[in-house]
1. What are the trypsin sites (Lys or Arg not before Pro) within region 1-106 that DSSP puts in a loop, where the Cβ has at most 14 other Cβ atoms within 10 Å?
2. May I ask you to list the GluC sites (Glu not before Pro) in region 7-99 that are in a DSSP loop and have at most 16 other Cβ atoms within 10 Å of their Cβ?
3. Using 0.36 nm per residue of separation minus the Cα-Cα distance, give me the extension gain between Ala205 and Arg91 in nm, one decimal.
Amino acid sequence: MITRILAPVDGCERSEAVLPYVEELSNRLNAHVTLLHVFPPSLHLQRDAHVHYIETLAAQLRDRLRHAGVEAIGVALEGTPNREIADFAARDDISLIAASPHSQSSEGHWSIGRTADKVIRETSKPVLLVGARDQTLVAGAELMSRVLVPLDGSRASREVLPHVEAILQRDWGEGTSAVWLVHVIPADHYAAGPVIAKRVPYSKAEADELRGQASRYLEEVAAMLRARGRRVETRVATGDAANMIMGTATEVGANLIAMTTHGYSGFSRLFLGSVAERVLHNAAVPLLLVKPLRY
């Protein structure tokens, strides 16, 4: 499923925080890698320097890859970053875009932090986002081996699961890999009032029923994954969706959160400006975002 990885970098160290994850995925899945450096047309006269940067970075990565025949190339393009990234991903049959969102550099060059939202909106490809803070997870630790997957009960939210299984397909030997499925129940809901609807807390009976439904749903999904040899745990949480997702990730020691950008019910109804954006900006671990087929 993941055979070609596109990793945009902008020349600063923070954008390169994604490279250990790209290297790990390439080694794990025999996936080819393209490092993409987009620079503005105003810097056309420095094109040779941009080409040298990305080709050098690709050569360094290529030396660290373990499988013969796996490509790691560097490409430098002039243009608008989000458009070039999305177009390249579609044109080159990319399976995954992996990037490190961060703030604009002091030199004023493009940085992924300014365009990550646009790339996610414009591409149909899965996107792995690794913050510079996540570099602290790299040394001496398995990467992307303990995955938290928020599910809202919709078919759309489950479309992330094949990607999670692809990432975990390597033989982990002692069984250190695991998947946690989590469903978040809101503490309250809208109820019709005399004039307008208002939010009211669930009664204990209502909350117990919702928790029971969520537990049965998660166990059904978990059973399918367990049948394929995965270690899977389930969690049902109540409260604010983004906070519960991040809190559960910390509680179970997850080193990747994987979720779809949209759902049809519950917390996943919206993406940017909602739960996934809050998780992206505040989670202490990388985030894999998968856009459902109909979006």
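Nothing in this text is a laboratory measurement; each read-out follows from the coordinates by a stated rule. Bear in mind the structure is a predicted one, so any value in this text is a computation, not a measurement. With ideal geometry, Cβ positions are generated from the backbone for all residues, glycine too; neighbour counts draw on all protein chains shown.
1. Those satisfying the criteria are Arg66.
2. Glu71
3. Separation in residues times 0.36 nm, less the Cα-Cα distance, equals 35.8 nm.
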